[in-house]
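The values are calculated or read from the model by the stated rules, or taken from the named source; none is laboratory data. Fair warning: this is a prediction, and the values are worked out from it, not measured in the lab. Virtual Cβ from ideal backbone geometry, glycine too; neighbours counted across all protein chains shown.
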Amino acid sequence: MIGRRRAAVALGVALVLAGCTSARTASQGTASPQQGAKTRLEPPPPLVPRPFGRLSCHPAYSVRFCPGNGTTERVPSFDGVPLDADVTLPARGRGPFPLIVLLHGLAGSKHNFESHAVDGKLDNVTLAAQGWAVLTYTARGFGNSCGTPRSRAGTPGCARGWLHLADQRYEVRDTQYLAGLLVDEGLVRPTIAVAGESYGGGQALELAVLKNRVRLRDGRFVPWTSPRRHIPMAVGAAYAIWGWDDLASSLLPNGHLLEGRYTPPSADLRPPGVEKESWDNLLYDASALFYLSPPGRDPSADLTTWHAEIAAGEPYSGRVLASLRQLQEYHSPIGIPFDRGGPAPVVLQNGWTDTLFPVSEALHYAQAYERDRLSAPLLQIFDDVGHGWADNKPADIAWQTRVALGFIDDVMLRHRRPPTGVLALGTTCPASSPSHPLLSGPSLAALANSALTASVPGRHLVTSTSGSAAVAAALNPAYASSYCDALPATATPGEVVVPLRPASASALTLVGPLVIRAHLGVSGRFPELVGRLWDYNPATRRRQLVEAGVYRPSPDGGPMTFDLSPNLYVLQPRHLLELELVGSSSPWFRPSNGTFRLVLSRIEISLGLHR
């Protein structure tokens, strides 16, 4: 089992649990880096670069590689925790170079974005060959950054070097501090780029929202300056791959996050959501292979306690609610108030079939731009690339990398406004088929120029025991082999199946979330409702999942608006479209600790179409 979990983590999975709530509003009283900071003349870079005053550089792979040597050449961070870091430089020149920091996924290391060739991928050699200085380092608590017993032995700085879940006050500040040291040396410019995947993608987005600020351990924001020469610094552009906006809604979704309009952070917690059981278990187990804070030792990083309390399920204690609020405030971009000028220019990539950090995370982030009428450049890329079910087709990864690096080059090197809006590449099955169609527009909603709607008369019952156990097991997102695995059509007592589209001779392009509006009558304790949209092939009597989601009703019921996770998907001719509503889909979503009955009435359904 651990072997399979290691394999899943190798995809670049993000992180798990913890968590206080803070709405994204224009920051008040936060100084810009130019205020109160004296800019000193940068020293001339040394003829022979020696990053961090300790790394030796040598020609390699058409660039200069400056590796840290495991546990003997680590760089102490702002609080003394030693970090295992490498720097890659262009083959020639003294700098200062433009800097990009590449941030790895959960349980990864500095090597995840390191290569031996100029291959056009997002890696140190390709970027250094294009003129960038590249910083890759292992995040605190992993690998040689205090993550193993060997790396901690005889190292006082590792005593509290455990991981803090992409905390702005620790992991994110580590990135800011290391970049600042390179600026102080005159090796790189003070406006930097960042890119990361999964665990690193969340941090990349946090850095973009912080932009020119550092968050201190007491939660205050101060101007970001280099540590020694106090040169004002900022993130100039960011590429967040497979990242999140709100860890609370990612890992315990309650379905109250709407795709079509802004919803405040508090809506993600009221009521508390339904745990993504298999994902949370996998991510905790992967983290526990490295350096976790002993339970009860550090309230800001007590993963073991947080995981145990959330995994126990309902009723959630006050401690769980406090951890979820902390997860929003310190471990999520949503917890950082926007600077007056808005975030740094950002490319957000999330996958339609990513069951950990789905497209809804990017949409949630983008809605705050609309609320605040921000003009900061934002490009969203949605395709079949990400965690879990995602097929991660090489052609799709190469495409999105070209687009994202072009965006960063536009901002950082060409000094021109980059493209913005949404680029959407459709999900296709089998996995060997090229992804299509490719649509673009100012927003995801703008890609739909028509809609499929349905009204469902009568009253419909969903019980806590409904839902096929075999289908639920096959849909386990942490270990399922492929999104494209078709399943037999089954029905169980206490579930609702709604036909949405009869067989037709023409294909239909579905875009965006299926939206369910209804009135809910609730009886029993701790209800949850799982929605699944299916593409049913009458010829094979098998069905392909298109979209899914979970909704946590309030105990009193009432009006419900429930968006499934969006997709861009072509329904083939003569295929049927069906909505299935069940009371359980474990181990994807944790089964309720109670029993319940949900009565749905006045059901209205809508789904965007592109014609």
Checklist entry - If we scan segment 212-226, do we find a residue that is modelled with pLDDT of 95 or more, surrounded by 20 or more Cβ atoms within 10 Å (Cβ to Cβ), in a helix (DSSP H, G or I) and not acidic (Asp, Glu)? => result no
Next on the checklist: Tell me whether segment 191-211 contains one or more residues that are modelled with pLDDT of 95 or more, outside any loop (DSSP other than H, G, I, E, B) and over 25 Å from the mean Cα position of the chain (by Cα).
Outcome noted: no
Checklist entry - Got a sec? Which of 351, 388 is at pLDDT 95 or above, in the same structural domain as residue 168 (by TED's automatic domain parsing) and either within 24 Å of residue 589 (Cα to Cα) or buried (at least 21 other Cβ atoms within 10 Å of the Cβ) (or both)? => result 351
Item to check | Given (1) part of a strand (DSSP E or B); (2) within 31 Å of the chain's Cα centre (by Cα), number of the condition residue 484 does not satisfy | outcome: (1)
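Take residue 585 and decide whether it is within 26 Å of residue 380 (Cα to Cα) and either more than 28 Å from the chain's Cα centre (by Cα) or not in a strand (DSSP E or B) (or both).
So residue 585 does not fit the description; no.
Among the residues of segment 563-574, is any in a strand (DSSP E or B), of a type outside the set (A, V, I, L, M, F, W, C) and closer than 21 Å to residue 261 by Cβ? So that I can check it myself, show each step before the final result.
In the first step, residues of segment 563-574 are kept if they are in a strand (DSSP E or B); the result is 563, 567-571.
With the extra rule that they be of a type outside the set (A, V, I, L, M, F, W, C), the set shrinks to 563, 567, 569.
Remaining after also requiring closer than 21 Å to residue 261 by Cβ: 563, 567.
Yes, segment 563-574 contains at least one residue that is in a strand (DSSP E or B), of a type outside the set (A, V, I, L, M, F, W, C) and closer than 21 Å to residue 261 by Cβ.
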Checklist entry - Restricting attention to segment 534-542, does a residue exist that is on the phi < 0 side of the Ramachandran plot, assigned to a strand (DSSP E or B) and aliphatic (A, V, I, L, M)? => result no
Item to check | Residue check, residue 359 crowded, with 24+ Cβ neighbours inside 10 Å and either more than 21 Å from residue 257 (Cα to Cα) or outside the structural domain of residue 123 (by TED's automatic domain parsing) (or both) | outcome: no
Checklist entry - In the list 530, 522, 546, which residue meets the criterion of being part of a strand (DSSP E or B), at pLDDT 95 or above, touching a Gly at 6+ places or on another chain (Cβ under 6 Å) and of a type outside the set (Gly, Ala, Ser)? => result 522
Checklist entry - With 522, 511, 530 as the choices, which residue is more than 32 Å from the chain's Cα centre (by Cα) and buried (at least 17 other Cβ atoms within 10 Å of the Cβ)? => result 522
Item to check | Subset of segment 327-344 (residues that are of a type outside the set (A, V, I, L, M, F, W, C) and surrounded by fewer than 24 Cβ atoms within 10 Å (Cβ to Cβ)) | outcome: 329, 337, 339, 340, 341, 342
Checklist entry - Would it be correct to say that residue 590 is modelled with pLDDT of 95 or more and within 27 Å of the chain's Cα centre (by Cα)? => result yes
Next on the checklist: I'd like the full set of residues that are hydrophobic (A, V, I, L, M, F, W, C) and surrounded by 17 or more Cβ atoms within 10 Å (Cβ to Cβ), limited to segment 52-77.
Outcome noted: 52, 55, 57, 63, 65, 66, 75
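Condition (residue is buried (at least 24 other Cβ atoms within 10 Å of the Cβ) and closer than 22 Å to residue 473 by Cβ) applied to segment 601-611: is it met by at least one residue?
So far as segment 601-611 goes, no, none of its residues is buried (at least 24 other Cβ atoms within 10 Å of the Cβ) and closer than 22 Å to residue 473 by Cβ.
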Checklist entry - Considering segment 117-140 alone, what residues qualify as being under 20 Å from the mean Cα position of the chain (by Cα) and either small (Gly, Ala, Ser) or not assigned by TED's automatic domain parsing to the domain that holds residue 239 (or both)? => result 139
Next on the checklist: Looking at the structure I just gave you, is residue 403 touching a strand residue (DSSP E or B) at 6+ places or on another chain (Cβ under 9 Å), modelled with pLDDT of 95 or more and surrounded by fewer than 23 Cβ atoms within 10 Å (Cβ to Cβ)?
Outcome noted: yes
Checklist entry - Is it true that some residue in segment 179-189 is in a helix (DSSP H, G or I), of a type in the set (Asp, Glu) and surrounded by fewer than 24 Cβ atoms within 10 Å (Cβ to Cβ)? => result yes
Checklist outcome for this item: Only one of 323, 278, 287 is of a type outside the set (A, V, I, L, M, F, W, C) and over 28 Å from residue 563 (Cβ atoms), namely 287
Checklist entry - Quick one: which of 26, 31, 107 is at pLDDT 95 or above, in a loop (DSSP other than H, G, I, E, B) and not polar (S, T, N, Q)? => result 107
Item to check | Residue list for segment 503-520, filter: farther than 19 Å from residue 455 by Cβ, β-branched (Val, Ile, Thr) and out of contact with any helix residue (DSSP H, G or I) (no Cβ under 8 Å at 6 or more places or on another chain) | outcome: 509
